[in-house]
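A short write-up of the structure that comes next.
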């Protein structure tokens, strides 16, 4: 079959590489432009471009994949199938119709769970112990098409989003290769999604990394795993003798140390290599900290250079933003 690959980000790399080993013909790569128009921020260089260039595959990078001019260009490819993975634009019905069999999408969740741009991150954030990869026959609705292949994958208790995404991307490449062969043979079984079970996985925002210390310690740990490599987790240290200092928080551990009625975000212990902070339930042990404008430090290094005191508060820049803080709590 003649395939058009549509992808931009690193999750798509194994799928794109794998298509060249399927025996099918990759006729072009459609990817996001290196710089957006109308003054918008440039996007990162697509790692797929180097793969396409190494294979002599033409590269097409329209600003909008759903214009009539773009659709005409895709029709000229005479593709049998669009293979879409980590592309960054939603395809209209007319764009899907530019190929004989429409499009398939490689998605990093057990659809219909976690429809959207960041399924891996939100699965870890919510403490899931299992996720997977789904291959869907695409429709214009976001991640709503029938599932034609799916594989379940356990999530490691310490696994970060970037580590899990790499594992899922390799599994997705294997699944999509088999799905393409099944479509060519006409023996694909498409299972409709149950929309009543759907959940959303919206694109991450920088503010998603802000730690809400009123959440349970294990939930805060999961947030730290989920926000790697971006936007990372962060909080503000309310020093007794200065303005709040923004801290990027590295790996986080949840411990069983009781803290009585200490307010969430209260420093319980700050000595040697131990920095314990009260959560809504349980206690959080911080392992690495990066002060604003500085490098990432171990807790021991950070405490040597910063006078963190028992009873200090970690939280939003303005403590009034967290209604549970500022009450009559003790350490």
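Can you confirm whether residue 140 is part of a loop (DSSP other than H, G, I, E, B), modelled with pLDDT of 95 or more and surrounded by fewer than 20 Cβ atoms within 10 Å (Cβ to Cβ)?
no
Residues of the range 185-219 being surrounded by 15 or more Cβ atoms within 10 Å (Cβ to Cβ), in contact with a strand residue (DSSP E or B) (Cβ under 8 Å, 6 or more places away or on another chain) and not in a loop (DSSP other than H, G, I, E, B), which ones?
Listed by number, the residues that qualify are 209, 210, 216, 217, 218.
Looking at 91, 111, which is the one that is out of contact with any helix residue (DSSP H, G or I) (no Cβ under 9 Å at 6 or more places or on another chain), assigned to a loop (DSSP other than H, G, I, E, B) and touching a residue at least 24 places away in the same chain (Cβ under 8 Å)?
Unique residue meeting the criteria: 91.
Considering only the range 148-184, how many residues are in contact with a helix residue (DSSP H, G or I) (Cβ under 6 Å, 6 or more places away or on another chain), surrounded by fewer than 21 Cβ atoms within 10 Å (Cβ to Cβ) and assigned to a helix (DSSP H, G or I)?
2
I'm told residue 20 meets every condition in (1) surrounded by 14 or more Cβ atoms within 10 Å (Cβ to Cβ); (2) under 19 Å from residue 174 (Cα atoms); (3) modelled with pLDDT under 95; (4) over 19 Å from the mean Cα position of the chain (by Cα) except one. Can you identify the failing condition by its number?
(3)
So which of 235, 257, 160, 188 is closer than 30 Å to residue 299 by Cβ and in the same structural domain as residue 121 (by TED's automatic domain parsing)?
Answer to the selection: 160.
When you go through 288, 259 one by one, which is the residue that is at pLDDT below 95 and either surrounded by 15 or more Cβ atoms within 10 Å (Cβ to Cβ) or touching a strand residue (DSSP E or B) at 6+ places or on another chain (Cβ under 8 Å) (or both)?
On inspection, the qualifying residue turns out to be 259.
The values are calculated or read from the model by the stated rules, or taken from the named source; none is laboratory data. Small disclaimer: the values here were computed from a predicted structure and weren't measured. Using ideal geometry, Cβ is built from the backbone for each residue, glycine included, and neighbour counts are taken over all protein chains shown.
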